[in-house]
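Structure record follows, encoded as structure tokens.
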Amino acid sequence: MSDTRRIVLLGETRAGKSSLANTIFGETVFETASSPNSQTSICKAESRSVNGRSITLIDTPGFVDTEKTEEQLKKEMLKCVLECAPGPHAFLIVLKVERYTDQEEVIVRQISQYFSAEAFRYAAVVFTHGDQLDEEMKIHDFVNQSEGLSDLVKKCGGRCHVIDNKYWWNNQQDPYRSNQFQVAQLLCTIDEIIEQNNGGCYTNELLEAAEREIQKEEERIRQSSRNMSEIEIREKTEISALKRLCHIQ
């Protein structure tokens, strides 16, 4: 599945990352909850076919208001690296349609910390809770009301979209307020990101190290455990590679 688009979802807890993933897939694949605690406590990857494209979405723990320690969060981000090795084709920075706060600024800094400033060349901003947009307002109009949001979207090449995981499923008189329309537009944006980067994916030294570890471990496990399924080999490989990466870090 070399043509699979690997997409990492980033954002704070309760921004709607898991719901966004379900909206893109058109089915409930990732668990969501309305509890005050972060529902996504570990990195999780799922693959589906969407609009003729093979898509892998990697859901990640919230950056800011998570109960995990910095060390635990770092370990989960390493797991994210393993899930998307040799690298993601796109990052989706998930925010709510609401006032831009210091927490969002922290998210931007942490993306640069965990990945690099280069990651924004592969990124788009996706807003959830689209029903909060004023009537007839487009998401770029909303973004332009905030200097912080405007700067973030500019970092991402002007790429931003909006969905509503709760209300925009029904047929809308305004096609803009339709998840089907917005997901189609988002997938086209991801195609453009891939095209602008000459079909390549984002990578860094850690991702390259992860891919090397994965390849070595998979070959070793295949030779020593010929009766294991591909799923079992992958699981064992990730556990071993994660231990090695944690030691490297």
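Describe numerically, in nm with one decimal, the distance between label points set 7 Å from Cα along Cα→Cβ at residue 72 and at residue 146. Rounded to a tenth, the inter-label distance reads 2.8 nm.
Counting neighbouring beta carbons within 10 Å and listing from fewest to most, the residues 92, 133 come out as 133, 92. For region 5-196, the relative contact order comes to 22 percent (Cα pairs under 8 Å, sequence separation of at least 6).
A Förster radius of 45 Å combined with the Cβ-Cβ distance from residue 96 to residue 208 puts the calculated FRET efficiency at roughly 0.85.
By the count of neighbouring beta-carbon atoms within 10 Å, fewest first, 224, 150 end up ordered 224, 150. In terms of the mean number of neighbouring beta-carbon atoms within 10 Å, the peptides 137-146, 177-186 order highest first as 177-186, 137-146.
Histogrammed with a bin width of 5 Å, the alpha carbon distances of region 69-207 distribute as 2, 9, 18, 20, 18, 16, 11, 5, 1, 0 percent, first bin at zero. Modelled label positions at residue 196 and residue 219, each set 7 Å beyond Cα in the direction of Cβ, lie 3.6 nm from each other.
Panel order for 164, 3, by other beta carbons found within 10 Å of each beta carbon, from fewest to most: 3, 164.
Values in this text are rule-based calculations from the coordinates and carry no lab data. Just so it is clear, the structure is predicted and the values come from calculations on it, not from any experiment. When we count neighbours, we look across all protein chains shown, and the Cβ atoms used for this are built from the backbone with ideal geometry, even at glycine.
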